[in-house]
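Written out below as structure tokens is the structure these notes cover.
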Amino acid sequence: MEKRQELYAGKAKSVYTTDDPDLLIMHFRDDTSAFDGKKKESLARKGCVNNVFNAFIMARLEDAGIPTHFEKRLSDTESLVKRMDMIPVECVIRNVAAGSLVKRLGVEEGMALTPPTFELFLKNDEKSDPMINESLAETFGWATPEQLTRMKALTFKVNHVLKQLFAEGDMLLVDYKLEFGIFKGQVILGDEFSPDGCRLWDANTREKMDKDRFRQGLGGVIEAYEEVGRRLGIQFTH
Ligand code: UDP
């Protein structure tokens with residue numbers, strides 16, 4: 001597999017073309033950002049931790065029948081993925097109230113959400129990822145009703161698989177964000193799944209083990225990500 005030119009550099013990952021037009025290389029950098037890129041820092045080992053973590057989770061999701069863009073891990077910080085047309089809509093499921101839901105609705109952080117909620121946001125940093133709905137997505141052509149139905153079903157399927165997986169490591173999957181794309185006409189899961197894009201709490205102490213440690217300046221960010229991995233039996237390569 002030959003790595004060619006950089007196609008895109010996001011806030012934490014860079015994407016490269018390869019000699020195969022259907023495949024891209026995703027490079028996980030140590031860069032960490034929050035608040036639409038307003039808070040930025042480089043955290044040692046983060047690229048490796050998230051790359052290895054994501055590879056583990058994507059394999060579990062594939063095993064459960066969820067189609068993903070993930071092909072294989074290439075190195076400590078790089079993975080091979082399918083080249084998709086990204087759908088600019090973020091899907092969020094919440095099992096427990098936290099983050100923007102708490103701010104928006106004034107509910108108490110930590111409240112169990114039964115049934116879990118499902119929200120859509122437009123992927124647009126300039127507008128701070130505004131909340132949208134299916135009607136807006138259809139009208140503005142961000143996703144078709146059929147794609148939205150599939151994205152919602154897959155996001156709930158991921159919840160079913162991962163809630164259980166994290167529970168086995170004594171962790172609570174509070175909420176998470178997924179992104180999807182189209183590959184050969186099919187909706188498949190893209191981006192990454194790591195503690196950067198979800199909230200995980202210790203099931204007993206409710207200690208935060210995710211990117212909220214960075215957002216809130218709690219320290220021990222990567223140590224917490226590594227502890228999440230350790231509880232899932234992940235062997236980090238660094
Ligand atoms: N999230 C994300 N990227 C975003 C916005 C949210 O990965 O641009 C994740 C976030 O880590 C959390 C979930 O989606 O696990 C719900 O986030 P929320 O709407 O509460 O917003 P936040 O408080 O993160 O701004």
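The values are calculated or read from the model by the stated rules, or taken from the named source; none is laboratory data. In this text, all values refer to a predicted model and were calculated from it rather than measured experimentally. Cβ atoms come from the backbone with ideal geometry, glycine included; neighbour counts cover every protein chain shown. SASA here: full protein model, heavy atoms, side chains in, ligands and nucleic acids out. Shrake-Rupley method; radii C 1.70, N 1.55, O 1.52, S 1.80 Å.
Would you point out the residue of region 1-52, among those that are part of a strand (DSSP E or B) and aromatic (Phe, Trp, Tyr), that is surrounded by the fewest Cβ atoms within 10 Å (Cβ to Cβ)?
The qualifying residue surrounded by the fewest Cβ atoms within 10 Å (Cβ to Cβ) is Tyr8.
Those residues that are within 20 Å of Ala55 (Cβ to Cβ), touching a residue at least 60 places away in the same chain (Cβ under 8 Å) and out of contact with any Gly (no Cβ under 8 Å at 6 or more places or on another chain), I need them from region 16-30; list them, please.
The answer is Thr18, Asp22, Leu23, Met26.
Condition check ((1) open to solvent by 20 Å² or more (accessible area, probe 1.4 Å); (2) out of contact with any strand residue (DSSP E or B) (no Cβ under 9 Å at 6 or more places or on another chain); (3) within 16 Å of the ligand (Cβ to nearest atom); (4) without any contact (Cβ under 8 Å) to a residue 40 or more places away in the chain) across all residues:
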position: Val161; (1), (2), (3), (4): yes, yes, no, no
position: Asp175; (1), (2), (3), (4): no, no, yes, no
position: Arg206; (1), (2), (3), (4): yes, no, yes, no
position: Gly220; (1), (2), (3), (4): yes, yes, no, yes
position: Glu223; (1), (2), (3), (4): yes, yes, no, yes
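How many residues are surrounded by 13 or more Cβ atoms within 10 Å (Cβ to Cβ), over 15 Å from the mean Cα position of the chain (by Cα) and more than 18 Å from Ile182 (Cβ to Cβ) if we restrict to region 130-159?
3
Please tell me if Gly65 is part of a loop (DSSP other than H, G, I, E, B) and at pLDDT 95 or above.
Taking the combined requirement at face value, the residue satisfies it.
Report yes if some residue within region 19-35 is within 13 Å of Phe214 (Cβ to Cβ) and more than 15 Å from the ligand (Cβ to nearest atom); otherwise report no. Before you say what the answer is, go through the steps one by one.
Pass one, region 19-35, residues within 13 Å of Phe214 (Cβ to Cβ): 30-35.
Then keep just the ones that are more than 15 Å from the ligand (Cβ to nearest atom); that gives 30.
Yes, there is a match, as at least one residue in region 19-35 is within 13 Å of Phe214 (Cβ to Cβ) and more than 15 Å from the ligand (Cβ to nearest atom).
Here are some residues: Arg104, Arg73, Arg83. Which one is at pLDDT 95 or above, of a type outside the set (Gly, Ala, Ser), open to solvent by 40 Å² or more (accessible area, probe 1.4 Å) and over 30 Å from Gln235 (Cα atoms)?
Step by step, each of Arg104, Arg73, Arg83 is checked, and only Arg104 is at pLDDT 95 or above, of a type outside the set (Gly, Ala, Ser), open to solvent by 40 Å² or more (accessible area, probe 1.4 Å) and over 30 Å from Gln235 (Cα atoms).
Looking only at region 86-101, which residues are more than 10 Å from the ligand (Cβ to nearest atom), of a type in the set (A, V, I, L, M) and open to solvent by less than 20 Å² (accessible area, probe 1.4 Å)?
Across region 86-101, the qualifying residues are Ile87, Val89, Val96.
Give me a count of the residues in region 182-201 that are within 16 Å of the ligand (Cβ to nearest atom) and not in a loop (DSSP other than H, G, I, E, B).
Total meeting the criteria: 5.
Is it the case that region 92-101 has a residue that's among the polar types (S, T, N, Q) and either closer than 26 Å to Lys152 by Cβ or assigned to a loop (DSSP other than H, G, I, E, B) (or both)?
Filtering region 92-101 for residues among the polar types (S, T, N, Q) gives 95, 100.
This time we only want the ones that are either closer than 26 Å to Lys152 by Cβ or assigned to a loop (DSSP other than H, G, I, E, B) (or both), so: 95, 100.
Scanning region 92-101, I find at least one residue that is among the polar types (S, T, N, Q) and either closer than 26 Å to Lys152 by Cβ or assigned to a loop (DSSP other than H, G, I, E, B) (or both), so the answer is yes.
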